[in-house]
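Only one structure is covered here, and it is reproduced in the block below.
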Amino acid sequence: MTAQQPYAVRFSTPAAKVLTTLPEHVEDTVWDVLEAAAADPWGFRQWNAQDLEGQDVRYASVGQLSLTYWINRPLRRLTVLNIVWLG
């Protein structure tokens with residue numbers, strides 16, 4: 001049995017703009033979080049647990065950094081919708 005390839009990561013335009021403004025150590029953390037998310041997209045909590053149809057929108061948070069991403073199952077992609085860094 002072969003292991004599944006990680007999901008590809010894409011950024012929405014607003015998230016890409018935020019990524020370019022982050023300090024280098026925070027950007028490294030973003031990529032670390034996304035590496036974990038790409039390997040196990042459902043490993044982070046659902047954005048809104050009350051929304052039964054929104055199970056593919058996830059929220060990953062580490063310290064002062066949070067990412068919101070959407071899992072595109074058919075294309076095996078994660079799209080980062082939002083990046084927030086409180087620093």
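The lone criterion from (1) part of a strand (DSSP E or B); (2) small (Gly, Ala, Ser); (3) exposed (fewer than 12 other Cβ atoms within 10 Å of the Cβ) left unmet by ALA49 is number (1). Flag not set for TRP31, criterion: touching a strand residue (DSSP E or B) at 6+ places or on another chain (Cβ under 7 Å) and open to solvent by 50 Å² or more (accessible area, probe 1.4 Å). One residue alone among ALA60, ALA37 is part of a helix (DSSP H, G or I) and surrounded by 12 or more Cβ atoms within 10 Å (Cβ to Cβ), and that residue is ALA37.
The values are calculated or read from the model by the stated rules, or taken from the named source; none is laboratory data. Owing to the predicted nature of the structure, the values given are computational and were not obtained by experimental measurement. So basically every Cβ, Gly included, is an ideal-geometry build from the backbone, and we count neighbours across all protein chains shown. Ligands, DNA and RNA are excluded from the accessible area calculation, which covers all protein heavy atoms including side chains. Shrake-Rupley method; radii C 1.70, N 1.55, O 1.52, S 1.80 Å.
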